[in-house]
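A short worksheet on the structure shown next.
The values are calculated or read from the model by the stated rules, or taken from the named source; none is laboratory data. Remember, it's a predicted structure, so these values are computed and weren't measured experimentally. Cβ coordinates were reconstructed from backbone atoms using ideal geometry, including for glycine residues, and neighbour counts include every protein chain displayed.
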Amino acid sequence: MDGYGGSILRVNLTNQSFTKTPTPEEMARNYIGGRGFGAYLLYKELKKGVNPLDPENKVIISSGPISGLMIPGAGKMDWTTKSPLTGGYASASLGGMLTAELKYAGIDTIIVEGASIKPVYLFIENNTIELKDAADLWGKGTFECEKMLKERHGEEFQIAVIGPAGENGVLYAHVNHDFGRQAGRGGVGTVLGAKRLKAIVIRGTKSIPVADLEAYKKSGMSLYKACKDAEGLKPWQTYGTTIVVSWCDEVGALPTRNFSAGSFEGGKTLYGPVMREQIVVTDKGCFGCPSPCGKYSYMKRYDTRVEGPEYETIGMLGSNLGLPDIQDVAEANRLCDDLGIDTISTGGVISWAIECFQRGILTTDDTDGLILKYGDPNIVFSLIRKIAGKEGFGALLALGTKKASQKIGKGSDRYAIQVKGMEQSAYATHNATAMLLAYMTCDVGAHHNRAWAITYDLAVGRDKVVPEKVAKVIWFQNFRPMFDVLGACRLQWVELSIERDLYCPALEAITGVNRSWKDLEKVGARIWNLTRLFWIRENEGFDRKWDMPARRFYEDAPESGTTKGQITKPEDVQKLLDMYYEQRGWDTNGIPKKETLIELGLGEFVE
Amino acid sequence: MNLLNNKTTILHPIGLLRQYTKGISDIEIEPDQTVDDLFQKLGIPSQIVALVLANKTVVPKVYKIRQGDYIEIMAVLGGG
């Protein structure tokens with residue numbers, strides 16, 4: 001099949017067995033690849049009600065038709081599972097080199113199922129597939145583990161590993177690759193840890209067939225030329241995602257002290273230019289990237305190095321924890337990466353704990369004697385280590401804010417900044433109703449990347465609650481995740497303003513199937529609705545309450561910063577949901593209507 | 001850089017911000033005003049501008065524009 005590696009590899013860790021089957025053409029037609037394959041296979045194959053940490057859960061790792069080809073940003077892949085953090089759908093995007101290597105090995109998707117008795121790692125070199133003993137790797141940090149595997153198998157192998165946090169069952173453990181890229185959110189690394197799969201090592205040397213070689217070269221070069229000519233290339237490459245730190249601070253979107261405000265008085269020392277000058281050593285890109293956003297940093301004070309921090313980490317481990325020093329933030333980033341935990345959830349969990357401590361909900365009896373306060377890097381480092389090891393107080397924080405607040409009670413849920421159990425990423429949404437709705441309805445929990453709508457709020461009026469705003473969020477949700485389906489990075493389109501229509505001829509040249517963006521958006525809507533069905537199936541009583549944001553955004557107006565005194569009205573939160581459900585073709589509880597599912601080609605899932 | 005001469009003060013909007021200069025990529029502007037004042041005059045919503053460069057160096061929006069400056073501005077686009 002043109003554009004594809006050609007097979008699905010099923011790895012059963014319980015039996016230590018492998019099967020390889022051709023990638024089904026019908027699945028490729030309807031779900032294309034990447035996130036689409038993940039969502040479809042998860043819904044189809046997972047037995048209803050499976051505990052995410054039981055062997056019956058699966059991790060589905062998929063490239064897309066663009067992955068591994070000479071198209072800007074073709075270094076993306078999707079990791080899907082039932083989330084141990086949220087109990088719903090988890091899909092984490094991973095950049096780097098792994099997706100290309102997977103396809104060169106002739107594989108589109110790996111389905112990991114079952115659980116091994118002892119620690120193992122998966123080794124793939126073209127048609128050689130083995131499970132190898134990982135006893136000597138178990139317990140190692142991600143950096144050391146990846147280094148050991150590179151030394152053992154060779155630099156040309158691409159590697160994904162989990163850290164001690166994944167082994168220990170921290171519910172937001174990630175997968176680390178290429179010493180600094182992560183499948184970060186939702187606990188994909190936790191599920192791999194429960195399966196005792198420490199790492200995946202891949203090398204492939206096969207070709208990927210394309211439908212029209214000349215058209216592929218031409219369309220690929222058009223995309224590269226557009227990137228090269230983009231005026232935004234130089235600043236983007238210089239600062240990467242940190243370009244938005246100052247802007248978020250200015251407009252009141254920078255999460256500050258557990259999202260109690262959106263501007264940080266110490267923010268200026270976290271801005272992109274300061275970071276570039278103080279700690280950045282070089283730029284780092286993923287496969288085929290003409291605009292590398294990764295920044296490799298050296299922290300002199302700690303004599304350590306890390307890829308990052310990116311914007312989200314600066315927000316969540318910096319301003320959100322009251323840390324104004326970029327070296328401290330970068331060091332916290334390094335600890336999270338090495339120990340294997342998501343920086344976004346970690347920042348959200350620690351800020352929740354600090355606020356609970358300040359309000360007397362938690363005391364030193366709960367915190368192993370630690371006095372929790374904002375602005376103390378040593379407290380942050382200590383808590384990160386405790387979380388990864390689930391030591392003492394860290395065991396509570398390892399549950400994430402929703403489950404931890406349910407456990408301790410005392411009204412602590414009010415300070416848990418999360419939706420559906422996932423900690424909100426780094427945009428404060430006290431008065432940004434489109435972005436708030438994007439978080440409320442995101443298919444994995446409070447994550448930003450499906451519908452980054454905050455500039456739209458500023459352009460049309462931040463507190464406006466109108467159907468056009470809701471329509472924009474839905475359009476983003478259908479369209480932006482399609483990059484994760486295709487196996488490509490969205491940042492060339494997002495940050496360099498590359499015309500999105502340039503991707504269609506490339507996709508056609510590669511796969512032989514002509515698709516417009518209108519066609520692709522319909523696939524996006526199909527996947528969106530299927531993931532919604534997964535949430536409903538897996539969570540008894542799922543209804544509109546699950547889409548409610550943290551109360552902070554409609555009850556606690558910031559007392560400082562740009563958004564001081566600004567808040568979304570509670571009735572507007574409900575109005576947003578009403579309009580959203582109506583436009584999606586869902587009922588008033590957020591359940592897709594039968595006719596909506598049939599219209600989107602999801603008839604087989606209608607009960 | 002400054003395409004006209006070294007005494008002319010220029011605003012160079014990047015990408016979608018050019019809609020506020022009728023599609024023109026380099027327009028001559030008056031010095032001795034802040035970037036924010038300039039935005040107000042041109043009807044550019046300050047809140048959508050992520051980055052201001054004066055002669056290739058990042059400056060805040062309160063920066064006072066000098067004679068001969070080459071000011072580049074870039075909007076926040078689509079996020080992560």
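Entry remark, region A:441-471: residues being within 23 Å of residue A:561 (Cβ to Cβ), in contact with an Asp or Glu (Cβ under 9 Å, 6 or more places away or on another chain), touching a residue at least 60 places away in the same chain (Cβ under 8 Å) and crowded, with 24+ Cβ neighbours inside 10 Å number 1 in total. No other residue among A:426, A:388 is assigned to a loop (DSSP other than H, G, I, E, B), within 30 Å of residue A:535 (Cβ to Cβ) and under 20 Å from the mean Cα position of the chain (by Cα) apart from A:426. If you filter region A:98-119 down to residues that are assigned to a loop (DSSP other than H, G, I, E, B) and among the hydrophobic types (A, V, I, L, M, F, W, C), you find that the one that is surrounded by the fewest Cβ atoms within 10 Å (Cβ to Cβ) is A:117.
Within region A:472-519, the set of residues being of a type in the set (A, V, I, L, M), farther than 23 Å from residue A:213 by Cβ and within 14 Å of another protein chain (Cβ to nearest Cβ) comprises A:473, A:482, A:491, A:494, A:496.
One residue stands out among those in region B:53-74 that are away from every other protein chain (no Cβ under 12 Å), part of a strand (DSSP E or B) and out of contact with any Asp or Glu (no Cβ under 8 Å at 6 or more places or on another chain): the one that is nearest to residue B:8 (Cα to Cα), which is B:70. Filtering region A:554-563 to residues that are surrounded by 15 or more Cβ atoms within 10 Å (Cβ to Cβ) and outside any helix (DSSP H, G or I) leaves A:556, A:557, A:558, A:560, A:561, A:562, A:563.
Of all strands (runs of 3 or more DSSP E) completely enclosed by region A:13-87, which ones contain at least 1 residues that are modelled with pLDDT of 95 or more and surrounded by fewer than 24 Cβ atoms within 10 Å (Cβ to Cβ)? It would help to see each step written out before you state the result.
Numbers: elements: A:17-22, A:59-62, A:77-82.
Those strands (runs of 3 or more DSSP E) span A:17-22.
Looking at (1) under 30 Å from residue A:411 (Cα atoms); (2) touching a Pro at 6+ places or on another chain (Cβ under 6 Å), which one does residue A:553 not meet, given that it meets all the others? Looking at each condition in turn, residue A:553 falls short on (2).
Taking each residue of region A:233-258 that is more than 11 Å from chain B (Cβ to nearest Cβ) and in contact (Cβ under 8 Å) with a residue 40 or more places away in the chain and looking for partners that are in a helix (DSSP H, G or I) and among the charged types (D, E, K, R) with beta-carbon atoms closer than 6 Å, six or more apart or interchain, yields A:258/A:355. Residues in region A:342-371 that are β-branched (Val, Ile, Thr), closer than 21 Å to residue A:449 by Cα and in contact with a Phe, Trp or Tyr (Cβ under 6 Å, 6 or more places away or on another chain): 0 in all.
Remark: pairs (first residue in region B:34-52, within 13 Å of another protein chain (Cβ to nearest Cβ) and under 20 Å from residue A:231 (Cα atoms); second residue modelled with pLDDT under 90 and assigned to a loop (DSSP other than H, G, I, E, B); Cβ separation under 7 Å; 6+ apart in sequence or on different chains) = B:48/B:76; B:50/B:76. Just one of the listed residues (B:65, B:73) is under 26 Å from residue A:454 (Cα atoms) and not polar (S, T, N, Q), namely B:73.
The set of residues in region A:447-471 being away from chain B (no Cβ under 11 Å) and of a type in the set (A, V, I, L, M, F, W, C) consists of A:465, A:466, A:470, A:471.
Where helices (runs of 4 or more DSSP H) fall entirely within region A:473-553, those with at least 1 residues that are farther than 17 Å from residue A:38 by Cα are at A:491-496, A:503-511, A:517-538. Applying the criterion of being assigned to a loop (DSSP other than H, G, I, E, B) and of a type in the set (A, V, I, L, M) to the residues of region B:14-43, the residue that is modelled with the lowest pLDDT is B:14.
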